[in-house]
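One structure is given here, and the rest of the page talks about it.
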Amino acid sequence: MAVTEHPNAPPAALAEHIANALRSAIAARGKASLAVSGGKSPIPMFEALCEQDLDWAKVTVVLVDERVVPRDHADSNTALVARHLLQGRASAARFVPFFRELAPKFNAEVLDALVRDAEERIAALPWPLDVAVLGMGEDAHTASLFPAAPGYARAIATDQRLAWVVPDTAPHARISFTLSALLAARELVLSIAGENKLAVYRRAAQQADAALPISLVINQTQTPVSVWMT
């Protein structure tokens, strides 16, 4: 499946692209599903997307991945999406969180239970996902698929939709869509900002390599990928 690149694309152009995909899904199936990534980079796109004129009441939004922190934590992707995407017209969308209550401490058993609960929560989503919006770190991680992190090998090998990963290079345990779940989407959108990340992307685009998780998304023939470079 060819990768389509959009160089020098402003956040508003990416927001329009995503909105058009959601409009097409609603026209074809009466509903749409959108998975989004957290962090600071998507905020300008979120703020453009939330004002797009579409039937948001027919859109279900879910995160690509989430840090295992309370919703009021500064690092919560759930809170970030609530502040910057689920506003204005997009406030009519339905948001499905991975979890609500958290244990005070985490181990593999607790994380397994969180994943099972999250799987139940997302089971009612319109599948396959219509659009999944990904970012990428300078270590080539995408979603919470951190290379060599505990849980990573399973997250790229399992057929389940969700898995936990505990990165060594970033704070907090994570719950993330697996590689299989991401590649099951109708369209993947990858947003990249900055020369350093662009260089990582170019290296990853050469061949699939589990040491560069984003390369497993780019070098596959199952799902169309559009890459937006700002």
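Quick rundown of the values:
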read-out	value
Share, in percent, of DSSP beta bridges within the chain that are antiparallel, nearest 5	25 percent
GNM top mover of K197, K40, K31 - the chain, alpha-carbon springs below 10 Å	K40
Charge dipole (debye, nearest 20) of the chain; +1 at Cβ of Lys and Arg, -1 at Cβ of Asp and Glu	320 debye
Centroid-to-centroid separation of segment 31-95 and segment 116-136 [C-alpha atoms, Å]	13 Å
Within the chain, longest stretch clear of exposed GluC sites (Glu not before Pro) (DSSP loop, no more than 14 other Cβ within 10 Å)	139-230
Local net charge near P10, Cβ-Cβ under 13 Å (Lys/Arg +1, Asp/Glu -1)	-2
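Any read-out appearing in this document is the output of simple, stated calculations on the displayed coordinates, not a laboratory observation. Predicted model, so just to flag it, every value in this text is computed and none were measured. All Cβ positions, even for glycine, are placed from backbone atoms using ideal geometry, and neighbour counts span all protein chains on display.
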